[in-house]
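The values are calculated or read from the model by the stated rules, or taken from the named source; none is laboratory data. Predicted, not measured: the structure shown is a model, and the values here were computed from it. Neighbour counts are summed over all protein chains in view; Cβ atoms, including those assigned to glycine, are modelled from backbone coordinates with ideal geometry. Protein only, heavy atoms only, side chains kept; ligands, DNA and RNA dropped before computing areas. Shrake-Rupley method; radii C 1.70, N 1.55, O 1.52, S 1.80 Å.
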Amino acid sequence: SPWGYVTVLGRVKQPGRINIPPTQDLTLSMAVQLAGGYDASANDTAIRVTRALPDGGMETVDVDLRSAASRGRVHNDLQLKAGDVIYIPEKVF
């Protein structure tokens, strides 16, 4: 995609690259859906998004996507940027 891509890793059904659509409005929940959704052992309360900063540094944000869905906290559903890496960890039982 000319708009770039994000990479979804961890406990999703189809990990890998997700192209950013022409509208450039890819959210975290949309990226998870495009990666096939959560796998049965996914922890949707501790998702980690890593982003490269213009100064060469890295920024890491931990996201509770379950609260975005169940409690209406849409600010938790991050707007993604090209190059972002999303990691969905495994639940610890």
Would you please list the contacts, defined by Cβ atoms under 7 Å and residues six or more apart or on different chains, that run from a residue in the range 16-43 that is at positive phi to a residue that is open to solvent by 30 Å² or more (accessible area, probe 1.4 Å) and of a type in the set (A, V, I, L, M, F, W, C)?
24/3
Flag for residue 88 being of a type in the set (A, V, I, L, M, F, W, C) and without any contact (Cβ under 8 Å) to a residue 40 or more places away in the chain
no
Residues of the range 42-54 being farther than 16 Å from residue 78 by Cα and either within 11 Å of the chain's Cα centre (by Cα) or modelled with pLDDT of 95 or more (or both), which ones?
42, 43
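Is it the case that residue 51 is basic (Lys, Arg), open to solvent by 30 Å² or more (accessible area, probe 1.4 Å) and touching a Lys or Arg at 6+ places or on another chain (Cβ under 8 Å)? Full working, then the answer.
Details: basic (Lys, Arg): yes; open to solvent by 30 Å² or more (accessible area, probe 1.4 Å): yes; touching a Lys or Arg at 6+ places or on another chain (Cβ under 8 Å): yes.
Here the answer is yes, as residue 51 does meet what is asked.
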Please work out which one of (1) out of contact with any helix residue (DSSP H, G or I) (no Cβ under 7 Å at 6 or more places or on another chain); (2) at pLDDT 95 or above is the condition residue 8 fails and give its number.
(1)
